[in-house]
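S.K.: Mind having a look at this structure? Questions to follow.
The values are calculated or read from the model by the stated rules, or taken from the named source; none is laboratory data. All figures in this text were calculated on a predicted structure; none of them were measured in a lab. Neighbour counts are summed over all protein chains in view; Cβ atoms, including those assigned to glycine, are modelled from backbone coordinates with ideal geometry.
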Amino acid sequence: MSTEYLGAPVYGIDKNTGNQAWLDSRLDAAVSLQDIHFIDDYKTDKFEMISRTAESLSDLGFYGNASEPDAISRDRRAPFDKDNPATKRLIDIVDGVENWLELVPTAAALMPIYNPDVAQLPNGQMMTSDLREWLGNLYDGIGIRGRGAAVTRLAAEESMRHSEPIDMISLACGAAQPIFDALGSVRSNGASVPRVKMVDLSKPILELVDEVAAQSGLGDHVETVRMNILKRDRFDESVLGYGQSGFVEAVGIFEYLKDLGDQNEYDKVMERGSNMADAVTFLRNSYDLVKPGGMLLIGNMLDTHPQLGFTLNVVQWPHIQPRSVDQMIDIVGKSQIPVGSLDIYLPNDGDPGNAVYALYAIRKPDIGV
């Protein structure tokens, strides 16, 4: 997959970039909105057919209810409901998809989306040609790979701004493919490779991260940390450190968090039965880790996702809270964190209107600014 930036990052108001940029009174900071255009190597000539089929399945909804707002408010939990007619139809027409659905919503479900060429799924089941085509051509797949490409590019660029290696943290790292790709890019450019703390609650995932780090020759640069990052309390300073990391990313977890004050209970993503951090609290806690002048990168599925109904009602991916760019800016404003600048990126394969995710790069002000 290749990535092409349509415009340089805007720090401040630049009328000559062709990107949208403004001063936002909610943040008292400069905000820019930019496209990231990438070419997806896994998108094939089956894209139109798969899109039409996904749309017809979306129309079936969840037991006949195709409402996206109802799906968001519904208590969607893992494992998925095999008796839902739309889901049953998907299983009938896509050989092997049931084995993949068993992985949803864990990080293991994302691994074959990042790389549909794998021979088997993380649960040991074979990757079928049907499933490979669907994971390659669904908007979810294109969006996740585009999001990953953007994280890789932004993390590498942020690292290479410095002559000395910076400290990075990946919160809810999962298999951490975008961060590993960023480290590889920095190394191949002859720059100083960052030190990264990969943080997750899943012991098997962290074991996989250690294995990938060793195989990639990056073991000296990667430390795994097992931690529940969704507690309402601040992160353990003795483990992660406050104000020490030049780049902190939490791209894959934010969309699972409800708004300020809402009760959060999670199944498979996090253990159920606990009162977890809301979006505003988690944002504050993550921001505390960033050093002055550094970047916090978060992401969220857009509420304009072109196949949102398919994701919510057919795949039944649980807990997701899609949000508009304006809603996310509101959350940043409510957190009351100091914002030097906010750069918003829309990864897409040529049509910004079909973007699945938005990324939000929050620059922490330098001391004295």
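S.K.: Out of the residues in the range 86-105 meeting the condition of being of a type in the set (Val, Ile, Thr) and either within 23 Å of the chain's Cα centre (by Cα) or not in a helix (DSSP H, G or I) (or both), tell me which one is farthest from Asp259 (Cα to Cα).
M.R.: Val94
S.K.: When you scan the range 35-85, how many residues do you find that are of a type in the set (A, V, I, L, M, F, W, C), part of a helix (DSSP H, G or I) and over 29 Å from Tyr345 (Cβ atoms)?
M.R.: Qualifying residue count for the region: 3.
S.K.: Just give me the residues in the range 99-128 being closer than 21 Å to Ile320 by Cα and among the small types (Gly, Ala, Ser), in sequence order.
M.R.: Ala107, Ala108, Ala109
S.K.: On the basis of being touching a residue at least 60 places away in the same chain (Cβ under 8 Å) and in contact with a Phe, Trp or Tyr (Cβ under 6 Å, 6 or more places away or on another chain), does Gly136 make the cut?
M.R.: Considered against the rule, which asks whether it is touching a residue at least 60 places away in the same chain (Cβ under 8 Å) and in contact with a Phe, Trp or Tyr (Cβ under 6 Å, 6 or more places away or on another chain), Gly136 comes out as yes.
S.K.: Looking at Ala175, Ala108, Ala155, can you tell me which residue is at pLDDT below 95 and part of a helix (DSSP H, G or I)?
M.R.: On inspection, the qualifying residue turns out to be Ala108.
S.K.: Taking the options Ala176, Ala109, Ala155, Ala150, name whichever one is under 30 Å from Lys364 (Cβ atoms) and touching a Leu at 6+ places or on another chain (Cβ under 6 Å).
M.R.: Ala150
S.K.: Within the range 210-219, is there a residue that is modelled with pLDDT of 95 or more and in contact with a strand residue (DSSP E or B) (Cβ under 8 Å, 6 or more places away or on another chain)?
M.R.: Looking through the range 210-219, at least one residue is modelled with pLDDT of 95 or more and in contact with a strand residue (DSSP E or B) (Cβ under 8 Å, 6 or more places away or on another chain).
S.K.: When the range 298-316 is examined, which residues are found to be of a type outside the set (Ser, Thr, Tyr) and either more than 15 Å from the chain's Cα centre (by Cα) or surrounded by fewer than 20 Cβ atoms within 10 Å (Cβ to Cβ) (or both)?
M.R.: Asp303, Pro306, Gln307, Leu308, Gly309, Phe310, Leu312, Asn313, Val314, Val315, Gln316
S.K.: Please enumerate the residues belonging to the range 179-225 that are charged (D, E, K, R) and either loosely packed, with under 14 Cβ neighbours inside 10 Å or part of a helix (DSSP H, G or I) (or both).
M.R.: Once the filter is applied, which keeps residues that are charged (D, E, K, R) and either loosely packed, with under 14 Cβ neighbours inside 10 Å or part of a helix (DSSP H, G or I) (or both), the range 179-225 yields Asp181, Arg187, Lys203, Glu207, Asp210, Glu211, Asp220.
S.K.: Another question, if that's okay. So if I check each of Ile367, Ile320, which one is more than 22 Å from Ala279 (Cα to Cα), in contact (Cβ under 8 Å) with a residue 60 or more places away in the chain, of a type in the set (A, V, I, L, M) and not in a helix (DSSP H, G or I)?
M.R.: Ile367
S.K.: Further, regarding this structure: Does the range 121-131 contain at least one residue that is assigned to a helix (DSSP H, G or I) and surrounded by fewer than 19 Cβ atoms within 10 Å (Cβ to Cβ)?
M.R.: Yes: one or more hits.
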